[in-house]
Amino acid sequence: MAIKAQALVDFVVECTFPGPQDLIPEEQLIRTPGKWRLFIDGSVAGTKCGSGLILSSPEGFEICQAIRFDFPLMNNEAEYEALLAGMELARSLEAKHLWAFSDSMLVVKHFSREYEKRDPRTKAYATKVKNDSLSFETFELSQIGRENNEREDALSRLASAEIQSLTGSIYLTEAKTPSVEKRDCLKIHQRNDLMAL
């Protein structure tokens, strides 16, 4: 009994993280209480496409994900796919306030309606992001410089590389279809009885 209690105490001590008061003023602005942060990047290299995202909780816990795409994408479409995947992950973790960062000026300007969406596929992506953002109490999308997006860039390049297995705390997933082409389907059940004949 004493060993179990000591193990619990050790666990609490090891897993206690400093609060926002220990951060420098710039970091305190970024770590608003209750606000999750999402950093995304997309990568297209020839026929290889991938995205990387890092979702950070208000307490500073991070989830890193690399997504490999089995369909052709343009670079900004890969950014949109990463954003949509990150938003879905945040929703599944019941985040209410999300602040997303992308190095794609086009994606950010589409969201803020500063740029017009001419391509139908880009328009579909921008509409889906706008609709999905309504599931959060607050949602912001900001541009970040490429020099500040190195970890997400590495994840997106990793996703598009020919690596069979990854170790550590990076989740590698594969997407078979674009987010804007997914259709809701109802299953049809056929009855084999006298009423069906």
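The values are calculated or read from the model by the stated rules, or taken from the named source; none is laboratory data. Keep in mind it's a predicted model, so treat the numbers as computed, not measured. We place every Cβ from the backbone using ideal geometry, glycine too, and count neighbours over all the protein chains shown.
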* Do the conditions hold for L93, that is, is it farther than 17 Å from A126 by Cβ and touching a helix residue (DSSP H, G or I) at 6+ places or on another chain (Cβ under 6 Å)? -> no
* Asked: Among the residues of the range 165-178, is there at least one that is modelled with pLDDT of 75 or more, surrounded by 11 or more Cβ atoms within 10 Å (Cβ to Cβ) and on the phi < 0 side of the Ramachandran plot?
  -> yes
* So S102 fits all but one of (1) among the hydroxyl-bearing types (S, T, Y); (2) over 11 Å from the mean Cα position of the chain (by Cα); (3) surrounded by 18 or more Cβ atoms within 10 Å (Cβ to Cβ); what number is the exception? -> (2)
* To do: Give the residue that is surrounded by the most Cβ atoms within 10 Å (Cβ to Cβ), with candidates limited to residues of the range 59-95 that are part of a loop (DSSP other than H, G, I, E, B) and small (G, A, S).
  => A95
* **Search result, residues across the range 104-146 that are modelled with pLDDT under 85 and in contact with an Asp or Glu (Cβ under 9 Å, 6 or more places away or on another chain)** => I144, G145, R146
* Those residues of the range 59-78 which are under 24 Å from H97 (Cα atoms) and in contact with a strand residue (DSSP E or B) (Cβ under 6 Å, 6 or more places away or on another chain), in sequence order -> E62, I63, C64, Q65, A66, I67, A78
